[in-house]
Amino acid sequence: MLITDMILAEESMNWLNKLGRRFATAIDVGTGPVLEYPFMFAPFVQKYDLSDYVENNLLAVRRWVDRAPQAHDWNPIFRGVLRAQGQSIDLLEGRSRDLRCAIGELRKIDLRQPEPLGTNAQYDLVTSFFCTECVDVTPEGWAQCKKRLLGLVAPGGAFFSAIVQNCNQYRILGLWFPTCNLNPHHLTGLLDDEGFTAEVNSYACPEFADSGFSQFMVVKAIRK
Ligand SMILES: C[S@@+](CC[C@H](N)C(=O)[O-])C[C@H]1O[C@@H](n2cnc3c(N)ncnc32)[C@H](O)[C@@H]1O
């Protein structure tokens, strides 16, 4: 398992245990076809909507929820999450069931729009992994997208996010994608302005040095 994902598995579990809350509603923004992060949060969520701009990503999620024969097999990654959290691999089936039960709507979202979900939607928990820095690469455009993302958090609600740090572009499956070059200062200022009590921590991820970045940030925040 990637060091990045081991850190996220551990950090999210410690944070959720510390909060000691079960969230009635949650949304993951920019899920892609990737279920390992929702897997980390699902035991703490009653209804977890997943969202992305690309329809095919939501279809890939749907295939997994429906146990379609063409669905991606997430079990090897889910086992890695359980290991990173110091949990027994025997929990795999139950935790996968938790995720399938928790997943609610698969929503199309566009953070470039003033109303990204087309309604005044707000959630008790919002999660987002490696998303806004790819949506708009200019600092101003990124800040707009981030404000819209934070606007989805209900008052008193929680926000957890991972973002690449000090990076202009990164490589996925051989292709380079431009990103907004960010550091913790960008995040702390914006979270404060938007009325969040937040912690922003940087972590080294040398495993991605050849792919354009070797640090990432984790944001844990509560809306006042
Ligand atoms: C780097 S991927 C991250 C996917 C997944 N969260 C992960 O960590 O592997 C960025 C995601 O943002 C989504 N995205 C692109 N444009 C978007 C937009 N305008 N609004 C919301 N999401 C968008 C992409 O479709 C993609 O799934």
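Summary table
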read-out	value
Residues located in the stretch 50-66, provided they are within 12 Å of the ligand (Cβ to nearest atom) and either under 22 Å from Leu152 (Cβ atoms) or among the aliphatic types (A, V, I, L, M) (or both)	Leu50, Ser51, Asp52, Tyr53, Val54, Glu55, Asn57, Leu58, Ala60, Val61
Criterion: within 12 Å of the ligand (Cβ to nearest atom), buried (at least 18 other Cβ atoms within 10 Å of the Cβ), farther than 22 Å from Met217 by Cβ and among the hydrophobic types (A, V, I, L, M, F, W, C) - qualifying residue of Leu99, Leu117, Leu111	Leu117
Yes/no for Asn120 being free of Cβ contacts under 8 Å to residues at least 24 places away in the same chain and in contact with a Ser or Thr (Cβ under 9 Å, 6 or more places away or on another chain)	no
Elements of type strands (runs of 3 or more DSSP E) in the stretch 138-178, at least 1 residues being touching a residue at least 60 places away in the same chain (Cβ under 8 Å) and within 14 Å of the ligand (Cβ to nearest atom)	153-164
Any hit, the stretch 20-30, residues being buried (at least 17 other Cβ atoms within 10 Å of the Cβ), in contact (Cβ under 8 Å) with a residue 12 or more places away in the chain, within 13 Å of the ligand (Cβ to nearest atom) and small (Gly, Ala, Ser)	yes
Unique residue being at pLDDT 95 or above, part of a loop (DSSP other than H, G, I, E, B), of a type outside the set (A, V, I, L, M) and farther than 20 Å from Val45 by Cβ when the list is Arg112, Arg63, Arg79	Arg112
Those residues of the stretch 151-165 which are within 16 Å of Asp49 (Cα to Cα) and under 15 Å from the mean Cα position of the chain (by Cα), in sequence order	Leu152, Val153, Ala158, Phe159, Phe160, Ser161
Residue count, the stretch 149-173 (criterion: over 24 Å from Glu11 (Cβ atoms) and touching a Ser or Thr at 6+ places or on another chain (Cβ under 9 Å))	3
Among residues of the stretch 1-55, those that are at pLDDT 95 or above, more than 17 Å from Arg95 (Cβ to Cβ) and hydrophobic (A, V, I, L, M, F, W, C), counted	7
Output for the stretch 67-93, where each listed residue is within 16 Å of the ligand (Cβ to nearest atom), touching a residue at least 60 places away in the same chain (Cβ under 8 Å) and not β-branched (Val, Ile, Thr)	Gly80, Ala84
Close pairs from the stretch 94-107: first at pLDDT 95 or above and among the acidic types (Asp, Glu), partner assigned to a strand (DSSP E or B) and crowded, with 19+ Cβ neighbours inside 10 Å, Cβ under 6 Å, at least 6 apart	Glu105/Asp49
Verdict on Ser128 being in contact with a Gly (Cβ under 9 Å, 6 or more places away or on another chain), within 11 Å of the ligand (Cβ to nearest atom) and not basic (Lys, Arg)	yes
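Conditions (1) surrounded by fewer than 18 Cβ atoms within 10 Å (Cβ to Cβ); (2) closer than 23 Å to Asp5 by Cα, marked per residue:
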{"position": "Gln122", "(1), (2)": "yes, no"}
{"position": "Thr132", "(1), (2)": "no, yes"}
{"position": "Gln144", "(1), (2)": "yes, no"}
{"position": "Arg148", "(1), (2)": "no, no"}
{"position": "Gly174", "(1), (2)": "yes, yes"}
{"position": "Tyr203", "(1), (2)": "yes, yes"}
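The values are calculated or read from the model by the stated rules, or taken from the named source; none is laboratory data. All values derive from a computational prediction rather than experimental measurement. Because the Cβ atoms are built from the backbone with ideal geometry, glycine has one as well, and the counts that use them run over all protein chains shown.
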